[in-house]
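A.B. asks: Right, I'll just put the structure down here and ask away after.
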């Protein structure tokens, strides 16, 4: 990436503040440049803050080379200048390094997927106009288009997540202070690192943090916990939206951004500290509420007090009062709950994560089972087991799946489901007596063709894959119902042109695959004699008796009884060739049967009736052993953790490659001729004290106006 440093630095606002800066043209910025910033700071105060930050940058580096001194945190809490807020969010979250290492990727994603569609795009469109409607940019096409592009690009970059609830709220806030590319990479850092599990279909991360918050409330505000337990009040009813939207939807925007300032600097622990401060502030009211609705009234009243409409005559005093309330809240968050550290939060998360993951999985399963419209006469336990087979196969074959609003199996996952569900679908377990590789390949091809036929039949007409509802309904046709309905299933399976007749080719395929299935099932019957009987009974429907006798003789001529069990591939291939010659050879009689004829044949041949009524249904394992039921939750937890583990491994691999490219010590900004390898890894807190001049210039400036820069 040699030569890309100078163009990148030209997009950093901090370069404009230097005494001898790189010449910056058209500095990138957010919607606030045009539509204004919703800030609690006046223009005069903003300029004073800007001077302080300029001094800090001169002494401690900026953008890619920033070093965090102890004073850095105090400056953040005092409030960030509007023009620097987006860049400082990037520096604190580390997304500035992602943006530098992936220059042009954002535009490339949008170009590559310009004409593509996905379920996530529909969800994005629904939420666009619900994003910060009070901000004027989102009442105009410009703001909506920017938000759409960022969310769309993220959905294509991370299809595992796509688009989830509240992403629009957070992203629309970032776009006030950031360009689209800045917001895109900051959203990546937010979802993957700062708030893992918050923005997912199950939202298990934010649910886990609600349990953590309840434990913290129990420790620091025990009276509230005791009262809520007596009244069965759910704290998460009020607090979950705070965490999911990072207080953006709860607080007035000027104060929400002050919280975001601290959040990007210190991480999720800030959310817990502020939530605890709000609850502690209203402890007296909370111990008197009677239900969830009264809890919401209390917290909404507090947030409303920060955003009451005012007359012009009293506006200045009212704004000061609101700021005083907010500053006291922030002061309480840091002074009353200093022991709520990131280490403590992670400890509590680890203690509760298994319980949450198991609960989320169980809830997801119950919800999916409730949505099944036709249970096909299966019991609730059987439908539950089909669900386990379905999603187990879907999970292990997920690399083959496309993200969809309704989970669907492709052929790979469908085959895996049948391998787990039946006693015959795993060919390797049934072909131990194979004597020839070519014969075994023929057996595999026949079984694969049968699997493809079943898959095509299971798919509903409107979808390319098999849904859970499809699986339940079609399995019901195979395993439930009477002989008439099962004969109809068998007929439809091979009547691919849907002309109401099975001809020689259809019967050839059907006979071959049924013969293989009987061998795989290892039924207690003469399998070959059953197939011969089926073919001759079919031929009787449209031929004279002498033709049928000739066909019967050809099928049995020189035939040797099967002496090998289970399936012997050579024996199967020899007899499959007999079927081919009898039905597809030059002298083969014309055979056609209809559904009524097939039903009559099955009723006539008792062994066929036994096959579809007893042997095939018994081959499906729809009774879970007691030990398997006890292990069920453990498997759910393991799979959920494994998903996150794979995701973490991928992120670490990507981070390692990036870190390798940017791990060398950093030069000064003026050395822009150096390559990307000269850029340091993301900034981390350091205990190195600032220089004496730095300490004097920054602290002195802060001390000039203590009320303006109140360090909470």
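The values are calculated or read from the model by the stated rules, or taken from the named source; none is laboratory data. This one's a predicted model, so the numbers in the text were calculated from it and none came from an experiment. For neighbour counting, all protein chains shown are included, and Cβ atoms are generated from backbone atoms with ideal geometry for every residue, glycine included.
A.B. asks: Kindly indicate whether residue 470 is within 31 Å of the chain's Cα centre (by Cα) and free of Cβ contacts under 8 Å to residues at least 40 places away in the same chain. Before you say what the answer is, go through the steps one by one.
C.D. replies: Details: within 31 Å of the chain's Cα centre (by Cα): yes; free of Cβ contacts under 8 Å to residues at least 40 places away in the same chain: yes.
Taking the combined requirement at face value, the residue satisfies it.
A.B. asks: Hey, another quick one. Looking at (1) buried (at least 22 other Cβ atoms within 10 Å of the Cβ); (2) in a helix (DSSP H, G or I), which one does residue 80 not meet, given that it meets all the others?
C.D. replies: (2)
A.B. asks: Which residue out of 254, 241, 196 is surrounded by fewer than 22 Cβ atoms within 10 Å (Cβ to Cβ) and in a loop (DSSP other than H, G, I, E, B)? So that I can check it myself, show each step before the final result.
C.D. replies: Details: 254 fails: in a loop (DSSP other than H, G, I, E, B); 241 fails: in a loop (DSSP other than H, G, I, E, B).
Within the list 254, 241, 196, the selection yields 196.
A.B. asks: For segment 83-130, give me the residue count where each residue is without any contact (Cβ under 8 Å) to a residue 12 or more places away in the chain and crowded, with 22+ Cβ neighbours inside 10 Å.
C.D. replies: Total satisfying the criteria: 0.
A.B. asks: How about segment 421-454: which of its residues are part of a helix (DSSP H, G or I), at pLDDT below 90 and in contact with a helix residue (DSSP H, G or I) (Cβ under 6 Å, 6 or more places away or on another chain)?
C.D. replies: Hits for segment 421-454 are 427, 439, 440.
A.B. asks: What is the residue count in segment 466-489 for residues that are modelled with pLDDT under 90 and farther than 11 Å from residue 612 by Cβ?
C.D. replies: 1
A.B. asks: Looking at segment 363-371, can you tell me whether even one residue there is in a loop (DSSP other than H, G, I, E, B) and closer than 30 Å to residue 407 by Cα? Give the derivation first.
C.D. replies: So the first thing to find is which residues in segment 363-371 are in a loop (DSSP other than H, G, I, E, B), and the list is 371.
Still in the list and also closer than 30 Å to residue 407 by Cα: 371.
Looking through segment 363-371, at least one residue is in a loop (DSSP other than H, G, I, E, B) and closer than 30 Å to residue 407 by Cα.
A.B. asks: Looking at 173, 201, 236, which is the one that is within 28 Å of residue 143 (Cβ to Cβ) and at pLDDT below 95? I'd like the intermediate steps shown before the answer.
C.D. replies: Numbers: 173 fails: at pLDDT below 95; 236 fails: within 28 Å of residue 143 (Cβ to Cβ).
Among 173, 201, 236, only 201 is within 28 Å of residue 143 (Cβ to Cβ) and at pLDDT below 95.
Residues are listed down the side, and each one gets a yes or a no for (1) within 19 Å of residue 456 (Cβ to Cβ); (2) part of a helix (DSSP H, G or I); (3) at pLDDT 80 or above:
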{"residue": "513", "(1), (2), (3)": "yes, yes, yes"}
{"residue": "524", "(1), (2), (3)": "no, no, yes"}
{"residue": "546", "(1), (2), (3)": "no, yes, no"}
{"residue": "551", "(1), (2), (3)": "no, yes, yes"}
{"residue": "559", "(1), (2), (3)": "no, no, no"}
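A.B. asks: Which residues, taken from segment 171-182, are in contact (Cβ under 8 Å) with a residue 60 or more places away in the chain and either surrounded by fewer than 24 Cβ atoms within 10 Å (Cβ to Cβ) or in contact with a helix residue (DSSP H, G or I) (Cβ under 6 Å, 6 or more places away or on another chain) (or both)? Even if it seems obvious, please write down each step before you answer.
C.D. replies: Within segment 171-182, the first condition is being in contact (Cβ under 8 Å) with a residue 60 or more places away in the chain, and the residues that meet it are 173-182.
The answer is 174, 175, 176, 177, 178, 179, 180, 181, 182.
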